[in-house]
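I have a structure here, written as structure tokens, and I will follow up with some questions on it.
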Amino acid sequence: MFRFLIVFVFCALAGCASLASYLKSPPLALPNTASLPCCWQVLEQLDIDYQGERLALSSVIVLNDYQLTVVILDPLGRRIFSVIQQADRIQVEKSDLIKKDLPVEWLLIGVYLRHMPDEGWFFEHSNWTIQHDDRHTLLLQDNRIKVILFESKVHDDITAQLQYPDLKLNINITTLLRQSLE
């Protein structure tokens with residue numbers, strides 16, 4: 001019984017220690033929605049590989065009146081989650097249809113990387129750096145590569161791939177429709 005109690009105490013302490021380190025990690029510094037060019041909507045097909053699991057989803061992204069709305073849909077068109085950001089406020093609504101917690105803030109970072117001009121990354125308390133070359137765009141945080149963006153345009157078809165090396169997350173994106181709202 002005493003050994004069980006010791007094991008239990010050590011497990012509890014280890015759990016608290018890992019929880020404390022998780023809670024102490026700084027929040028992700030997201031750009032302000034005002035940094036995105038206004039006003040548009042886009043429909044995209046998403047092929048996601050997240051920690052070994054493959055998901056075929058679609059997304060609708062709308063930017064209007066400095067409010068960014070991202071809605072992720074399952075193959076049947078049912079909403080599985082939505083993210084609404086206005087300025088620095090974020091609201092996430094998740095359906096019971098998805099069992100895996102996707103890194104929502106990192107998905108928003110991918111939206112910004114694809115649609116925001118480079119100067120939008122330079123804001124107060126930002127630790128982001130952008131690097132471009134002929135093949136890809138790198139988004140670095142504290143000089144570590146966090147997101148790699150590959151983009152190509154063939155005729156009117158725009159495809160992109162976002163790679164998040166630390167998260168074991170890759171997203172292949174095909175833009176189906178882009179429309180101005182002005």
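Only the coordinates and a few stated rules stand behind these numbers; no lab work does. Please read all numbers here as calculations on a predicted model, not as lab measurements. Heads up, the Cβs are rebuilt from the backbone with ideal geometry, glycines too, and the neighbour counts pull from every protein chain shown.
Whether any residue in the stretch 155-165 is under 17 Å from the mean Cα position of the chain (by Cα), closer than 21 Å to residue 103 by Cα and touching a residue at least 60 places away in the same chain (Cβ under 8 Å) is what I want to check.
Yes, because at least one residue in the stretch 155-165 is under 17 Å from the mean Cα position of the chain (by Cα), closer than 21 Å to residue 103 by Cα and touching a residue at least 60 places away in the same chain (Cβ under 8 Å).
Now a separate question. Just to verify a result, which residue in the stretch 59-83, among those that are crowded, with 18+ Cβ neighbours inside 10 Å and small (Gly, Ala, Ser), is farthest from residue 111 (Cα to Cα)?
Ranking the qualifying residues of the stretch 59-83, first place goes to 82.
Turning to a different aspect of this structure: Residue by residue through the stretch 136-161, note down the ones that are assigned to a strand (DSSP E or B), out of contact with any Leu (no Cβ under 6 Å at 6 or more places or on another chain) and under 25 Å from residue 177 (Cβ atoms).
Within the stretch 136-161, 150, 151, 152, 153, 154, 157, 158, 159, 160, 161 meet the criteria.
Okay, next question. Every residue in the stretch 84-130 that is within 20 Å of residue 168 (Cβ to Cβ), surrounded by fewer than 13 Cβ atoms within 10 Å (Cβ to Cβ) and more than 14 Å from the chain's Cα centre (by Cα), please.
Of everything in the stretch 84-130, those that are within 20 Å of residue 168 (Cβ to Cβ), surrounded by fewer than 13 Cβ atoms within 10 Å (Cβ to Cβ) and more than 14 Å from the chain's Cα centre (by Cα) turn out to be 99, 100.
Turning to a different aspect of this structure: State all residues of the stretch 139-182 that are among the basic types (Lys, Arg), loosely packed, with under 12 Cβ neighbours inside 10 Å and more than 26 Å from residue 38 (Cβ to Cβ); if no residue qualifies, say none.
Selection gives 144 alone.
What's the number of the only condition in (1) part of a loop (DSSP other than H, G, I, E, B); (2) acidic (Asp, Glu); (3) surrounded by 15 or more Cβ atoms within 10 Å (Cβ to Cβ) that residue 44 fails to meet?
Of (1) part of a loop (DSSP other than H, G, I, E, B); (2) acidic (Asp, Glu); (3) surrounded by 15 or more Cβ atoms within 10 Å (Cβ to Cβ), only one is false for residue 44: (1).
Now for a separate question. Could you list, in sequence order, all residues of the stretch 47-58 that are in contact with an Asp or Glu (Cβ under 9 Å, 6 or more places away or on another chain) and surrounded by 12 or more Cβ atoms within 10 Å (Cβ to Cβ)?
Within the stretch 47-58, 55, 57, 58 qualify.
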